[in-house]
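S.K.: Structure provided below as structure tokens; questions to follow.
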Amino acid sequence: MTLTVPARQAPIQLPEPETPTIAVDLIHGNNTAPVAAYAESVRPLAALIDNPSTTRHSVDWNTFPSGQLRTELRLLAWLMIN
């Protein structure tokens, strides 16, 4: 029996303030919904949805507690989406 070691993945590139909150390859079809930069306090999620009849949602970081928790949640949300 031979054991193999899984290949190491490249480290994740952390977002810069101008990094789009939704990667281009995740935008459905010809969706022209706005995509916010990482530093913006409101992040529209409409670019992830290709159904024009559905409700469009956004994440408003101003409604979250300020400080370290907000910073960590912003990064976690970005990682989960991308």
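The values are calculated or read from the model by the stated rules, or taken from the named source; none is laboratory data. Keep in mind it's a predicted model, so treat the numbers as computed, not measured. Ideal geometry is used to build each Cβ from the backbone, glycine not excepted, and the neighbour counts take in all protein chains shown.
S.K.: Residue pairs, Cβ under 7 Å, 6 or more apart or interchain, first in the stretch 60-74 and assigned to a helix (DSSP H, G or I), second exposed (fewer than 14 other Cβ atoms within 10 Å of the Cβ) and of a type outside the set (Val, Ile, Thr). List them.
M.R.: What qualifies is 61/41; 62/41.
S.K.: Something else: Restricting attention to the stretch 34-50, does a residue exist that is in contact with a helix residue (DSSP H, G or I) (Cβ under 6 Å, 6 or more places away or on another chain), within 16 Å of residue 82 (Cβ to Cβ) and either without any contact (Cβ under 8 Å) to a residue 24 or more places away in the chain or polar (S, T, N, Q) (or both)?
M.R.: Here is the first cut: in the stretch 34-50, the ones in contact with a helix residue (DSSP H, G or I) (Cβ under 6 Å, 6 or more places away or on another chain) are 35, 41.
Now restrict to residues that are within 16 Å of residue 82 (Cβ to Cβ): 35.
Those still in the list that are either without any contact (Cβ under 8 Å) to a residue 24 or more places away in the chain or polar (S, T, N, Q) (or both) too: 35.
Yes: one or more hits.
S.K.: Taking the stretch 19-33, which residues are without any contact (Cβ under 8 Å) to a residue 24 or more places away in the chain, touching a helix residue (DSSP H, G or I) at 6+ places or on another chain (Cβ under 9 Å) and either exposed (fewer than 11 other Cβ atoms within 10 Å of the Cβ) or of a type in the set (A, V, I, L, M, F, W, C) (or both)?
M.R.: Correct list: 27, 32, 33.
S.K.: Report whether or not residue 12 is modelled with pLDDT under 90 and surrounded by 13 or more Cβ atoms within 10 Å (Cβ to Cβ).
M.R.: In short, no.
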